[in-house]
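**Q** Below is a structure I'd like to ask you about.
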Amino acid sequence: MKSITLLGIKHCGKSTQGKLLAKKLVIPFYDTDDLITQRTGLAPRELYIRNGERAFMDAEAQTCTYLHSLLQEKNEHAVIATGGGICKNADAIATLKTMSVLVFLKAEESTAAERIMREVTVSADGSLKNLPAYIAKENPHTKDDVRMIFHEFYIERTRQYEKIASICIRMEPVSKQENLQRIYSELKRSAAI
């Protein structure tokens, strides 16, 4: 058995399903975003905004290398949830491929968009707040702009994740436990566990 790395866009269920899967497999769970925060003292979004994309990607790749070493040292496997943009980080993906099976959790576009839109707030001056960095950098002026930007993003990211993942699992609008069972069954069928 190798470790299982869950990939997918923000709000697809990586952390939720990762914790459930790790519990079911009786192995540790790690979230690369949490590890980045522990290692840098900054949340991923804050690191990206303060220091730029390159600094964030370097921290993400270094965190994957650190996690690889940690798991080797402990001689254990784990379930790993990644940040939504890791598909753009070739160094991080290369490290994860050496240590784990890459599993793409494919959320429906409408579901992911609604989860993002729930976090968006409009300030008194009309500016939008709580946007993911990849949307904020496009400078949307309205919530409709956010949805259009997300649509293009969703298409591109889905293509990227399908290209790098060994296993693709569609997340259905069912309970967390039902999706967990679908993930577990697919991993068994693929001989990943």
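What follows draws every value from the coordinates through simple rules; no lab data is involved. Computed from a prediction, not measured in an experiment: that's the story for all the values here. All Cβ positions, glycine included, derive from the backbone under ideal geometry; neighbour counts span all protein chains shown.
**Q** Which whole-Hz couplings ³J(HN,Hα) result when phi for each residue of region 29-46 is put into the Karplus expression 6.51 cos²θ - 1.76 cosθ + 1.60, θ = phi - 60°, listed in order with x for Gly and Pro?
**A** These are the phi-based 3J(HN,Hα) values: 10, 10, 10, 4, 5, 5, 5, 4, 4, 4, 7, 10, x, 10, 5, x, 4, 5 Hz.
**Q** Same structure again: Could you check how many percent of all C-alpha pairs in region 32-163 are farther apart than 27 Å?
**A** Cα-Cα pairs in region 32-163 separated by more than 27 Å: 26 percent.
**Q** May I pose another question? Identify the GluC sites (Glu not before Pro) of region 136-193 meeting these criteria: DSSP loop state and at most 16 other C-beta atoms within 10 Å of the C-beta.
**A** 138
**Q** To the nearest 500 deg cm²/dmol, what mean residue ellipticity at 222 nm is calculated for the chain from DSSP H runs of n ≥ 4 alone, each contributing -39,500 (n - 2.57), summed and divided by the residues?
**A** -18000 deg cm²/dmol
**Q** Let me ask something else. Between residue 58 and residue 162, with labels modelled 7 Å along Cα→Cβ, what's the label distance in nm to one decimal, could you check?
**A** Distance between the two pseudo-spin positions: 3.5 nm.
**Q** Find, among the GluC sites (Glu not before Pro) in region 32-108, those assigned to loop by DSSP (not H, G, I, E, B) with at most 13 other beta-carbon atoms within 10 angstrom.
**A** 76
**Q** Set the Förster radius R0 to 35 Å, insert the Cβ-Cβ distance between residue 90 and residue 124 as r into 1/(1 + (r/R0)^6), and round the FRET efficiency to 0.05.
**A** 0.25
**Q** Extension gain residue 144-residue 114, at 0.36 nm per residue separation less the Cα-Cα distance, in nm?
**A** 9.6 nm
**Q** Of 88/188; 2/137; 24/137, which sit over 31 Å apart, Cα to Cα?
**A** 2/137; 24/137, as the Cα separations exceed 31 Å there.
**Q** What's the extension gain from residue 191 to residue 72 if we count 0.36 nm per residue and subtract their Cα-Cα distance?
**A** 40.7 nm
**Q** I would also like to ask the following. For region 136-144, in order, what is each residue's ³J(HN,Hα) by Karplus, 6.51 cos²θ - 1.76 cosθ + 1.60 with θ = phi - 60°, in whole Hz (x at glycine and Pro)?
**A** Values per residue, Gly and Pro as x: 4, 5, 8, 6, x, 9, 9, 5, 5 Hz.
**Q** If you don't mind, another one. Find the relative contact order for the chain and round it to a whole percent, using C-alpha pairs within less than 8 Å whose residues are 6+ positions apart.
**A** That works out to 32 percent.
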